[in-house]
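Here is the structure we will look at.
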Amino acid sequence: ERAPRIRVSRKSGFPIVEPVDAASDNESDGDGDDEPRENKGQARPKGESAEEKRARKKQVQEQRRLRREQKRENRDVYAEKQDRRMQSKNDRRQHVVNLG
């Protein structure tokens with residue numbers, strides 16, 4: 001019988017004990033991303049028709065468009081947080097000046 005596998009979580013730094021059957025099944029990062037990911041490095045079929053090629057390319061374009069939107073949203077959220085942080089810092093500085 002094999003001992004359970006112990007590895008260090010990248011996220012928390014704490015050890016994670018994996019049962020023997022789970023350790024041999026799949027290598028996972030343990031970061032909680034349960035969404036299945038498509039292997040984008042797969043070769044296309046040799047006998048791919050023009051319609052299949054168009055559909056495949058359309059799907060890739062849609063995925064790229066969605067990813068760009070996600071990046072834009074994240075960038076805007078972090079920019080707003082930074083603006084609020086700087087505003088509160090300036091407010092505190094102004095308050096100290098008014099007290100002095």
Next item on the list: Could you check, for region 38-55, whether at least one of its residues is modelled with pLDDT of 70 or more, open to solvent by less than 90 Å² (accessible area, probe 1.4 Å) and on the phi > 0 side of the Ramachandran plot?
Entry: no
Checklist line | Residue, modelled with the highest pLDDT, within region 1-37, restricted to residues that are outside any strand (DSSP E or B) and of a type in the set (A, V, I, L, M, F, W, C) | finding: PHE14
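The values are calculated or read from the model by the stated rules, or taken from the named source; none is laboratory data. What you see is a predicted model; the values in this text were computed from it and never measured. We work out accessible area using only protein heavy atoms, side chains counted, and drop any ligands, DNA or RNA first. Shrake-Rupley method; radii C 1.70, N 1.55, O 1.52, S 1.80 Å.
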